[in-house]
Amino acid sequence: MAGHIIAVVGGKGGVGKSVFAANLAISHLLEFKQRPLIVDLDLASLGDQNIILGQNPQKNIVDVSKMPPGPVDPKTLAPFMVNTAAGYSYIGAPRDAIVARDIDLDGLGRFLKAITQVFNYVVIDCGNGTEAAAFKTFEFATLIFVVTSPDLIVINQTRRILTKIQELLFPPEMVQVIINRYSQNNFVNPQMIQKNLGRPIYAALPDDVGTCEGSLAKSTPLCISAAGTPIARAYHDIVRKMQQSNLLETLGRLKKPTGVVAKAQGVGQESVALSNKDGGGSPFGRSSAAQLDPWTAMKLRIHKALVDQMDLKKMNTDTSDSKQRAVLRERTQKAVLDILGKEDTNALLSSRELKAQMLKEVLDEALGLGPLEDLLADDSVTEIMVNARDQIYIEKGGKPQMSKVNFSSESQMMNVIERIVTPLGRRVDEKVPYVDARLQDGSRVHVIIPPLALRGPTITIRKFPKKRIEYKDLIQFGSITEEIADFLRCCVEAKLNIVVSGGTGSGKTTLLNVLSNFIPSTERIITVEDSAELQLGQEHVVRLETRPKNIEGEGEVSIRDLIKCCLRMRPDRIVVGECRGGEALDMLSAMNTGHSGSLTTLHSNNPRECLARLETLVMMAGLGLSPKAIRENIASAVGLIIQQSRLGDGARKVTYITEVVGMQGEVVSLQDIFVFKQEGLDKKRKIIGRFVPTGFIPKFVEEMEAKGMKISRGLFASK
């Protein structure tokens with residue numbers, strides 16, 4: 001029969017968890033005459049157990065972790081383990097911090113998995129419980145004892161450790177709280193501690209500083225050196241209580257999470273040390289730090305029970321069939337209501353409104369995008385920026401602000417991310433730690449996860465408007481005037497090749513979408529995008545989207561590949577979402593070889609920089625063209641550059657409309673047609689300005705007029 005591992009962690013340094021770990025093992029030895037193993041895995045204190053036990057082993061747990069794979073038995077462990085005359089065995093910690101960092105977590109896992117076949121009772125001192133080695137131990141442990149003391153600062157730290165363990169989805173039953181150094185004279189009593197931690201107290205050890213210090217001076221555990229004292233008897237009471245209640249056998253049947261080290265590494269120790277700030281957003285106020293409030297804790301319990309009851313991963317939770325979605329939601333709602341009926345909800349869900357709120361949040365997390373659902377439904381939110389699970393910013397009116405919602409854990413975030421990328425045939429993991437994707441409504445999503453993102457998974461969502469933005473909306477927003485909109489319509493209908501230039505978040509894609517809708521419905525349009533965002537109103541449209549590499553590193557289809565494909569698809573118009581690399585050369589080649597009227601976007605700050613960037617992108621194609629040849633290609637291909645900018649007040653406006661005139665020597669000549677002139681600020685600090693024609697009449701106007709288009713020359717007259 002396999003033995004049990006008991007992990008011991010401390011709410012704060014100096015709380016006495018190392019003394020507790022040693023004497024817990026000795027009490028078991030004295031009570032049941034079974035040899036226990038004590039392991040010092042406190043890689044911060046580095047050797048406290050040596051002092052407590054009076055041992056000085058030459059090898060340590062880091063050496064054990066580096067043992068070659070193979071059977072683990074007393075013979076193979078003999079060089080690394082001390083077998084004492086008192087009847088216990090001991091594996092120490094390294095005494096050098098540099099050596100401690102070299103621990104092999106995989107090797108530690110193999111040791112922990114095998115050691116319970118050698119020892120019936122293993123007690124591991126896991127330090128403060130926030131190291132990767134401690135997380136690995138928790139995966140194999142039957143029981144976790146969290147040691148605290150009747151001190152407010154220690155209790156605060158203990159609460160954060162309990163929260164971290166809960167975030168990693170360990171069963172709450174396997175975590176038990178021990179109060180050390182308790183006295184009737186303490187202001188903080190066990191009832192107060194229990195209420196503050198939200199967990200029952202398993203046992204309390206009396207305050208006996210003299211006995212503890214005397215034992216340390218003798219380098220002998222107090223259960224041996226002071227066997228008849230009240231504190232020694234308290235240790236024996238704990239092990240007898242565990243035996244009488246069959247605690248270890250009961251907990252040994254619980255299902256524990258695996259892979260928690262990878263989940264926890266993105267947050268690291270900083271998540272435990274974060275301050276507790278009220279983030280609002282739930283009926284009880286959400287914690288924006290690592291601490292979980294009762295509302296979120298209940299939601300996690302319900303969600304875990306739901307996963308156990310319904311295997312949602314095997315169900316089609318991402319279907320375009322609205323009827324099937326409704327059936328699935330109804331089934332899940334019934335399951336959640338059944339779970340709520342078994343929960344003690346009187347304290348938290350005291351009203352029908354609160355129960356409805358809990359039901360909605362659990363359903364959003366199980367079938368939707370969790371706390372992001374409400375933000376996506378809010379039309380005033382244009383961008384969602386998840387910096388960390390407890391820090392979500394939104395953009396409203398062009399200005400970023402902190403939202404009142406957060407994720408309950410990193411694992412919940414990863415579930416949401418998988419729900420976004422999996423239906424698109426994309427993936428995000430340690431091998432591919434970032435991905436571009438889109439939501440069902442077309443909203444653009446970028447995800448980046450640890451180890452690249454140090455604070456945990458990061459999600460950025462550029463929301464797609466529910467209503468297709470038209471040129472009339474841009475006029476209403478003040479991005480363009482009606483005269484300029486009519487001019488741009490003529491440019492598109494006249495098949496000018498147009499590049500929309502602008503910075504991140506300036507509205508390039510929105511403007512490209514508006515321009516694309518000016519294309520006559522009789523023409524065949526092919527769009528090429530990384531993530532399909534364009535919403536064209538015409539019927540004769542073919543939409544192409546890139547594909548990343550598969551898990552074997554093969555199967556990638558780039559924008560450049562798709563542009564070459566679409567040239568064979570008889571396009572009247574080619575619309576490329578954005579040029580970022582060598583595809584710029586293929587785009588220019590298409591513009592110059594009978595596919596006029598093409599549209600694309602480019603990242604740059606002004607029209608002149610747009611040409612320089614376009615030149616750089618063409619060089620990335622790797623054909624070794626001379627700079628002059630590239631510029632000649634650009635000058636003959638591009639007819640118009642539209643500069644879209646995001647101003648200081650958050651407004652997006654067209655700031656330049658510039659014609660590419662041709663070549664003058666070795667320089668591409670540009671001529672501004674319209675510019676946006678800023679004239680000051682109003683009382684609300686909004687920029688005041690107007691669109692001003694430069695007085696230059698574009699060369700292509702004559703070609704437009706020859707095609708029967710009527711353009712008023714007065715439109716270009718300087719004012």
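Helix 352-367 and the long axis of the chain differ in direction by around 70°, with both axes built from C-alpha atoms.
Near the amide H of D208, within less than 5 Å, lie no amide hydrogens of residues on another chain or at least 5 residues away, with H placed in the peptide plane. Karplus-derived 3J(HN,Hα) values for region 586-592, using 6.51 cos²θ - 1.76 cosθ + 1.60 with θ = phi - 60°, are 5, 5, 5, 4, 5, 4, 8 Hz; glycine and proline are entered as x. For region 1-103, a Kirkwood hydrodynamic radius built from all Cα pairs, placed in the Stokes-Einstein relation at 20 °C and 1.002 mPa s, yields a translational diffusion coefficient of 149 µm²/s.
Do any GluC sites (Glu not before Pro) in region 508-550 lie in a DSSP loop with no more than 13 other beta carbon atoms within 10 Å, and if so, which?
Numbers: sites: E523, E529, E533, E539, E545; in loops: E523, E533, E539.
Hits after loop and neighbour filter: E539.
Taking region 562-585 and a reference point 7 angstrom along Cα→Cβ of T522, the backbone N atoms nearer than 19 Å belong to 570-574. Remark: region 226-235, residue by residue, has Karplus-estimated 3J(HN,Hα) of 9, 4, x, 6, x, 5, 5, 4, 5, 5 Hz, where x stands for each Gly or Pro and the curve is 6.51 cos²θ - 1.76 cosθ + 1.60 at θ = phi - 60°. Ordered from highest to lowest accessible area with the whole protein assembly present and a 1.4 Å probe, Y202, Y235, Y471 read as Y471, Y202, Y235.
Taking only protein heavy atoms into account and a 1.4 Å probe, give the accessible area per residue of the chain in Å². Walk me through the numbers before you get to the answer.
Working: 32660 Å² over 719 residues.
Per-residue value: 45 Å².
The length gained on full extension between M402 and T593, counted as 0.36 nm times the residue separation minus their Cα-Cα distance, comes to 63.8 nm.
Going by accessible surface with a 1.4 Å probe and the largest first, F145, F187 read F187, F145.
The alpha carbon centroids of region 699-719 and region 375-433 are separated by 47 Å. Under a 5 Å amide H cut-off, with hydrogens placed 1.01 Å from N, S403 pairs with I392, Y393, I394 among residues at least 5 apart or on other chains.
Between Q324 and E493, the modelled label-to-label distance comes to 4.4 nm, taking each label 7 Å out from Cα in the direction of the beta carbon. At the listed q of 0.13, 0.16 Å⁻¹, the Debye profile of region 649-719, built from one uniform point per Cα, gives log10 I(q)/I(0) equal to -0.53, -0.72.
How long are the semi-axes of the ellipsoid equivalent to region 96-136, from square roots of 5 times the Cα gyration tensor eigenvalues, in whole Å, largest first?
Details: eigenvalues 80, 31, 17 Å².
They are 20, 13, 9 Å, listed largest first.
Remark: the A97-Q476 segment gains 130.1 nm on full extension, using 0.36 nm per residue and subtracting the alpha carbon distance. Here region 514-633 carries DSSP beta bridges of which approximately 10% are antiparallel, counting only pairs with both residues inside.
Of all accessible surface on the chain at a 1.4 Å probe, what whole percent is carbon and sulfur? Walk me through the numbers on the way to the answer.
On the way: 16550 of 32660 Å².
Whole-percent figure for carbon plus sulfur exposure: 51.
Beyond 17 Å, what percent of the Cα pairs of region 3-45 remain?
Details: 296 of 903 pairs.
Tail of P(r) above 17 Å: 33 percent of Cα pairs.
Using the Cβ-Cβ distance between K360 and V557 with R0 set to 45 Å, the FRET efficiency works out to roughly 0.70. Once backbone amide H atoms are built at 1.01 Å from N, G689 has E679 as its partners under 5 Å, excluding neighbours fewer than 5 places away on the same chain.
Normalised by the number of residues in the chain, the average gap of Cα pairs under 8 Å and 6 or more apart makes the relative contact order 8 percent. Listed by chain and number, the aspartates and glutamates placed with their C-alpha closer than 13 angstrom to that of K113 are D73, E139; residues fewer than eight positions away on the same chain are left out. Take the convex hull of the alpha carbons in region 399-554; its mean projected area over all directions comes to 11.8 nm². L30 sits among other residues whose Cβ lies under 13 Å from its own Cβ, and their net charge, with Lys and Arg +1 and Asp and Glu -1, is +2. Quick check: the distance between the Cα centres of region 1-20 and region 615-666, to the nearest angstrom? So the separation of the two Cα centres works out to 65 Å. Couplings 3J(HN,Hα) of region 640-652, computed from phi: 9, 10, 10, 8, 9, 10, 9, 7, x, 8, x, 6, 9 Hz, in residue order, whole Hz [Karplus 6.51 cos²θ - 1.76 cosθ + 1.60, θ = phi - 60°; x for Gly and Pro]. Which whole-number percent gives the relative contact order of region 1-150, counting Cα pairs below 8 Å spaced six or more residues apart? Taking the mean separation of contacting Cα pairs over the length of region 1-150, I get 45 percent. With contributions of -39500 (n - 2.57) from each DSSP H run of at least four residues, the per-residue ellipticity at 222 nm computed over the chain stands at -11000 deg cm²/dmol.
Considering all projection directions equally, how large on average is the shadow of the alpha-carbon convex hull of region 583-719, in square nanometres?
Values: hull surface 40.0 nm².
Projected area, direction-averaged: 10.0 nm².
Here the extension length gained between K677 and D338 equals 115.8 nm, from 0.36 nm per residue of separation less the Cα-Cα distance. Just report the Cα centroid separation between region 126-182 and region 65-91, whole Å. Region 126-182 and region 65-91 have Cα centres spaced 27 Å from each other. With equal scatterers on the alpha carbons only and no solvent term, can you work out the Debye log10 of I(q)/I(0) for region 503-618 at 0.09, 0.18 1/Å? Log10 of I(q)/I(0), two decimals: -0.24, -0.95. Of all DSSP beta bridges confined to the chain, the antiparallel ones make up roughly 50%. R240 sits among other residues whose Cβ lies under 11 Å from its own Cβ, and their net charge, with Lys and Arg +1 and Asp and Glu -1, is 0.
The 1.4 Å probe gives accessible areas that order D429, D441, largest first, as D441, D429.
Taking Cα atoms only, the orientation of helix 607-619 departs from the longest principal axis of the chain by about 70 degrees. What does the net charge come to around D151 if you take all other residues with beta carbon closer than 15 Å to its beta carbon, with K and R at +1 and D and E at -1? Result for the neighbourhood of D151: +4. Can you give me the angle between helix 209-218 and the longest principal axis of the chain, using Cα atoms only, in degrees from 0 to 90, rounded to the nearest 10? Its long axis makes an angle of about 80 degrees.
The values are calculated or read from the model by the stated rules, or taken from the named source; none is laboratory data. Everything numeric here is computed off the predicted structure, so don't read it as measured data. Cβ atoms come from the backbone with ideal geometry, glycine included; neighbour counts cover every protein chain shown. Each accessible area value is taken on the protein alone, full model and side chains, heavy atoms only, with ligands, DNA and RNA left out. Shrake-Rupley method; radii C 1.70, N 1.55, O 1.52, S 1.80 Å.
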